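J.: Structure provided below as structure tokens; questions to follow.
The values are calculated or read from the model by the stated rules, or taken from the named source; none is laboratory data. This is a predicted model, so every value here is computed, not measured. FYI the Cβ positions are ideal-geometry reconstructions off the backbone, even for glycines, and counts take in every protein chain you see. Please note that ligands, DNA and RNA were not included when accessible areas were found on the heavy atoms of the full protein model with its side chains. Shrake-Rupley method; radii C 1.70, N 1.55, O 1.52, S 1.80 Å.
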Number of protein chains: 2
Amino acid sequence: MAKAAQKQDPAATVVKRGEGVSHVYEILRNEIIELKLVPGSPIDETLLSERFAMSRTPIREALVRLAADGLITTLTNRTTIVSNIDFLQMGAFFDALTLMYRVTARLAASNHVAEDIPAIRAHQATFAAFVEERNVLGMIAANRDFHVAIAEAGRNPYYTALFKRLLDEGRRILRLYYHSYDDNLPRQYVTEHEDIISAMVARDVERSDALAIAHADQIVRQIRSYISADNRSSPRIQL
Amino acid sequence: MAKAAQKQDPAATVVKRGEGVSHVYEILRNEIIELKLVPGSPIDETLLSERFAMSRTPIREALVRLAADGLITTLTNRTTIVSNIDFLQMGAFFDALTLMYRVTARLAASNHVAEDIPAIRAHQATFAAFVEERNVLGMIAANRDFHVAIAEAGRNPYYTALFKRLLDEGRRILRLYYHSYDDNLPRQYVTEHEDIISAMVARDVERSDALAIAHADQIVRQIRSYISADNRSSPRIQL
DNA sequence: GGCCGACGCTCTGTCGACAAATAAAATTTA
DNA sequence: TAAATTTTATTTGTCGACAGAGCGTCGGCC
């Protein structure tokens, strides 16, 4: 048996009628974001239907949802592939990500209620724990949950939806480019998160905004450095 | 025969293999936005499959796409209904709409190329023509296309996607609340559009931003006035 | 020997049917 | 008569099967 089979495949779980589609959707979504499914690789419906022990119909509906999220690309009458990460639009991605960091932080400072805080702190604690463990992939996921919680406290579902999509895309990019662990960065993120929380609790919109900008810049800079480190084989020409 | 049958139902069109789903999707999407399908009303898959002369499978896949757009709501094992317009979140809607007006206008001023202009001007001309005809519903649709064209010139697909969704939601709200035709407003919009174009062509980011804010405020104010006019039966208590 | 077209294979798009889940109707019971 | 419960009916979720559209392969032709 393959070694991977030791860890129980969640696809094996039996689900009730009406949950089949979301079950497949959630699992595939995770595997795409975690790059277990390589960008550009084809997706075989028949294979999936065997793996999930379902007919192709619910599989296809899950794929339609993933396509709506932009995680997969459907080539009509041909095949569907895991969406590629588009380097040309990296600028647009960073721009949108930064803006969403800002507006969600601002709204959270304005609109949060006391009940929102525990969940946010819990995600931050999880994040800090992963930092101690030097578990980068756990950090990335916890970071996503932390910021989503803040966005939800801001109570603008349009922003939250876009932010989720961007953060997930960020997870894919980070997985793709992550190479070396730098002790300093994660600890700095922990501190920045703490600052963001306190500004939010104090309902200080402008400070929340400023911190969000700094945080976003930091993350963008990190991703950029990963990318350029990866491009070292084809260095930019310096004039 | 019903009078509606005089206008050829686009559902009757025969489509090639692989286009069935998008065909259904487009038509239903339009009917939801144009409120031909009333918010809250149930959607019968069997009925649709008869109407489109297709099996339920492609119909269901189209419905999944609409659900991803937030245009319909699926109640598991029960039924799916046309999404209601959520008045409690009207503030969030206006906020996001204004922000997208702004960022797309800014980006268009920065990133547009000469080839983008003709399409934008064409949409503006269409809009102006509808104003002359006093065709409000046409105006609303043309206005949407105009701003989408600007967003596309800004070349940030994340913003464009959210903006489209917001503008479509706006079309639904306007259809719902539109009552009386005011001669002045539409002409003002035409002027504002012209200003937006010239600021964009001049690559004046800040002026584009300012105009976008003013334009958005104007539209938000208009929708708000429609809504409050509609609520006249239950007036707010003035203290 | 290389290019072009017919053939077959694989995979997707669509179909009709069945079964579970829920809502509505009918019936019983207090 | 009203409430509770069983029965019926409708509608969704899932299934297995078929047919069309590409893609690769093989053979023929220049």
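J.: Within the bounds of the range B:175-196, is there any residue that is of a type in the set (Gly, Ala, Ser) and open to solvent by less than 60 Å² (accessible area, probe 1.4 Å)?
T.: No, that holds for no residue.
J.: If you don't mind, there's one more thing I want to ask. Which condition does residue A:118 not pass, out of (1) more than 14 Å from every other protein chain (Cβ to nearest Cβ); (2) farther than 15 Å from residue A:187 by Cβ; (3) surrounded by 16 or more Cβ atoms within 10 Å (Cβ to Cβ), if it passes all the others?
T.: Here residue A:118 clears every test but (3).
J.: A further question on this structure: Which residues, counting only those in the range B:21-60, are out of contact with any helix residue (DSSP H, G or I) (no Cβ under 9 Å at 6 or more places or on another chain), within 11 Å of DNA strand C (Cβ to nearest atom) and within 16 Å of residue B:72 (Cα to Cα)?
T.: Listed by number, the list holds a single entry, B:42.
J.: Here is a further query. Got at least one residue in the range A:197-204 being surrounded by fewer than 20 Cβ atoms within 10 Å (Cβ to Cβ) and farther than 29 Å from residue B:96 by Cα?
T.: Taking every residue of the range A:197-204 in turn, none turns out to be surrounded by fewer than 20 Cβ atoms within 10 Å (Cβ to Cβ) and farther than 29 Å from residue B:96 by Cα.
J.: Could you give every pair whose Cβ atoms fall below 8 Å, whose first residue belongs to the range B:90-105 and is facing another protein chain (nearest Cβ under 8 Å), and whose second residue is outside any helix (DSSP H, G or I) and open to solvent by 20 Å² or more (accessible area, probe 1.4 Å), counting only separations of at least 6 or pairs across chains?
T.: B:92/A:155
J.: Name the residue, out of B:53, B:62, B:67, that is open to solvent by 40 Å² or more (accessible area, probe 1.4 Å) and aliphatic (A, V, I, L, M).
T.: Going through B:53, B:62, B:67 in turn, just one is open to solvent by 40 Å² or more (accessible area, probe 1.4 Å) and aliphatic (A, V, I, L, M): B:53.
J.: Working carefully through the options B:122, B:96, find the one that is closer than 30 Å to residue A:21 by Cβ and not assigned by TED's automatic domain parsing to the domain that holds residue B:24. Steps first, please.
T.: Details: B:122 fails: closer than 30 Å to residue A:21 by Cβ.
One residue alone meets the criteria, B:96.
J.: Quick one: is residue A:213 open to solvent by less than 20 Å² (accessible area, probe 1.4 Å), in contact (Cβ under 8 Å) with a residue 12 or more places away in the chain and away from chain B (no Cβ under 14 Å)?
T.: Working: open to solvent by less than 20 Å² (accessible area, probe 1.4 Å): no; in contact (Cβ under 8 Å) with a residue 12 or more places away in the chain: yes; away from chain B (no Cβ under 14 Å): yes.
Taking the combined requirement at face value, the residue does not satisfy it.
J.: While we're here: Taking only the range B:106-132 into account, find how many residues are without any contact (Cβ under 8 Å) to a residue 60 or more places away in the chain, assigned to a helix (DSSP H, G or I) and over 20 Å from the mean Cα position of the chain (by Cα).
T.: Here the count works out to 5.
J.: Those residues that are part of a helix (DSSP H, G or I), among the basic types (Lys, Arg) and away from DNA strand D (no atom under 16 Å from the Cβ), I need them from the range B:22-77; list them, please.
T.: Restricting attention to the range B:22-77, the residues satisfying the condition of being part of a helix (DSSP H, G or I) are B:22-33, B:45-51, B:56-68.
Narrowing the set further to residues that are among the basic types (Lys, Arg) leaves B:29, B:51, B:56, B:60, B:65.
The one that is part of a helix (DSSP H, G or I), among the basic types (Lys, Arg) and away from DNA strand D (no atom under 16 Å from the Cβ): B:29.
J.: Quick one: residue B:93 ticks every box in (1) within 30 Å of residue A:112 (Cβ to Cβ); (2) open to solvent by 20 Å² or more (accessible area, probe 1.4 Å) bar one, so which box is it?
T.: If we test residue B:93 against (1) within 30 Å of residue A:112 (Cβ to Cβ); (2) open to solvent by 20 Å² or more (accessible area, probe 1.4 Å), just (2) comes out false.
J.: Could you check how many residues of the range A:1-27 are away from chain B (no Cβ under 14 Å) and modelled with pLDDT of 95 or more?
T.: 2
J.: Let me confirm something: among A:204, A:168, A:195, which residue is charged (D, E, K, R) and within 14 Å of chain B (Cβ to nearest Cβ)?
T.: Of A:204, A:168, A:195, the one residue that is charged (D, E, K, R) and within 14 Å of chain B (Cβ to nearest Cβ) is A:168.
J.: With (1) open to solvent by less than 20 Å² (accessible area, probe 1.4 Å); (2) within 16 Å of DNA strand D (Cβ to nearest atom); (3) at the interface with chain B (Cβ under 10 Å from one of its Cβ atoms) as the list, and residue A:80 as the residue in question, which single condition is left unmet?
T.: That leaves (3) as the condition not met.
J.: It is to be established whether one or more residues within the range B:126-147 are open to solvent by 20 Å² or more (accessible area, probe 1.4 Å), at the interface with another protein chain (Cβ under 10 Å from one of its Cβ atoms) and β-branched (Val, Ile, Thr).
T.: No, the range B:126-147 contains no residue that is open to solvent by 20 Å² or more (accessible area, probe 1.4 Å), at the interface with another protein chain (Cβ under 10 Å from one of its Cβ atoms) and β-branched (Val, Ile, Thr).
J.: For residue B:187, are the conditions met, namely being in contact (Cβ under 8 Å) with a residue 24 or more places away in the chain, within 14 Å of another protein chain (Cβ to nearest Cβ) and either more than 17 Å from the chain's Cα centre (by Cα) or over 18 Å from residue B:29 (Cα atoms) (or both)?
T.: No, not satisfied.
J.: A further question on this structure: Can you find even one residue in the range A:8-18 that is open to solvent by 70 Å² or more (accessible area, probe 1.4 Å) and in contact with a strand residue (DSSP E or B) (Cβ under 9 Å, 6 or more places away or on another chain)?
T.: Start the filter on the range A:8-18 by keeping residues that are open to solvent by 70 Å² or more (accessible area, probe 1.4 Å), which leaves A:8, A:13-14, A:16-17.
Of the ones still in play, those that are also in contact with a strand residue (DSSP E or B) (Cβ under 9 Å, 6 or more places away or on another chain) are none.
Taking every residue of the range A:8-18 in turn, none turns out to be open to solvent by 70 Å² or more (accessible area, probe 1.4 Å) and in contact with a strand residue (DSSP E or B) (Cβ under 9 Å, 6 or more places away or on another chain).
J.: Select from the range B:111-136 the residues that are touching a Lys or Arg at 6+ places or on another chain (Cβ under 7 Å) and either among the aliphatic types (A, V, I, L, M) or at pLDDT below 95 (or both) and list them in ascending order.
T.: Passing the criteria: only B:131.
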